Amino acid sequence: MIGITLDVERIDYDKSVEGLLPSVLGWIAGNEKLREADKFVKKLGPDAVPVVKKLLGYLDGDAKDEIIVWLLSRHREQLTRSAAEYLDGVFPGVFRIGEFSAENKPGSRLIFRADRVEVRYASLLDSPLVSDRLGDPGLGLLKGAAKLLTFLPQDKLEEQGIALLQTEPVRTKILSALQAGFEKAGLYAEIRSMTVKTGEVFPAPPAAEPEDGIIPDAFEDALFDGVAAWLRGTL
């Protein structure tokens, strides 16, 4: 089992809000503990998404990322399912993703994480992209290695597998598939790099729906900051 960390180069915030926000507004409408927020959303009507996009223009990068992290927490299952679907289209039967999450560290780029990722290395080696390149320098694997995988100790298997996952042709295909899967789920992001570690278990992501039903403070604070900046701009 491995963990994958994705360093996000750039996010199209406007398109991501368009893709992610509508279903979140539906969640707010169906949550009894968010009745006041639902009243506000109803007053905005069809202008809810344009208003949030307008507010984004008054926020700094960290605040925008905080909003994206919260929106993704509401789409975790959809994001994981969509990314897995596109990966399977390129590497059939190879990857099984436990869960995706996002992390925002102020002053740095946004990080996406895939936790508890199972890789069937025999299927990976049998895939056309890899099997045709097993003789290439740098892959560190021989033709016919798929037949020997069952005899390798688990630590050696994952060591060889991780080396293969991070070779240029394989990594490029993985990142392309993940970005396409993210876009289908409503997230528009350009991934800069990918890091793979064996046995990586990331901290549990924040619960998508806190017990008290209140939208996380970081998300509310970002919106309030945007509203305040917007109002100051009208003076």
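The values are calculated or read from the model by the stated rules, or taken from the named source; none is laboratory data. Remember, it's a predicted structure, so these values are computed and weren't measured experimentally. Cβ coordinates were reconstructed from backbone atoms using ideal geometry, including for glycine residues, and neighbour counts include every protein chain displayed.
Laid out as a table, the results:
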read-out	value
Qualifying positions in the range 68-115 - among the hydroxyl-bearing types (Ser, Thr, Tyr), buried (at least 16 other Cβ atoms within 10 Å of the Cβ) and either part of a loop (DSSP other than H, G, I, E, B) or in contact (Cβ under 8 Å) with a residue 40 or more places away in the chain (or both)	Ser73, Ser82, Tyr86, Ser101
Any pair with Cβ under 6 angstrom, 6 or more apart, that starts in the range 50-67 at a residue that is under 10 Å from Val17 (Cβ atoms) and ends at one that is among the charged types (D, E, K, R) and part of a helix (DSSP H, G or I)	Lys53/Asp14; Leu56/Lys64
Hits in the range 1-16 - residues which are polar (S, T, N, Q) and closer than 22 Å to Val94 by Cα	Thr5
Residue among Gly61, Gly89, Gly26, Gly45 that is at pLDDT 85 or above and out of contact with any helix residue (DSSP H, G or I) (no Cβ under 6 Å at 6 or more places or on another chain)	Gly89
Number of the condition not met by Leu187 [criteria: (1) surrounded by 15 or more Cβ atoms within 10 Å (Cβ to Cβ); (2) modelled with pLDDT under 85; (3) part of a loop (DSSP other than H, G, I, E, B)]	(2)
Residue check for Glu118: in contact with a Lys or Arg (Cβ under 9 Å, 6 or more places away or on another chain), closer than 25 Å to Ala180 by Cα, at pLDDT 85 or above and exposed (fewer than 15 other Cβ atoms within 10 Å of the Cβ)	yes
Selection count, the range 77-102, where residues are closer than 22 Å to Leu21 by Cβ and in contact with a Ser or Thr (Cβ under 7 Å, 6 or more places away or on another chain)	2
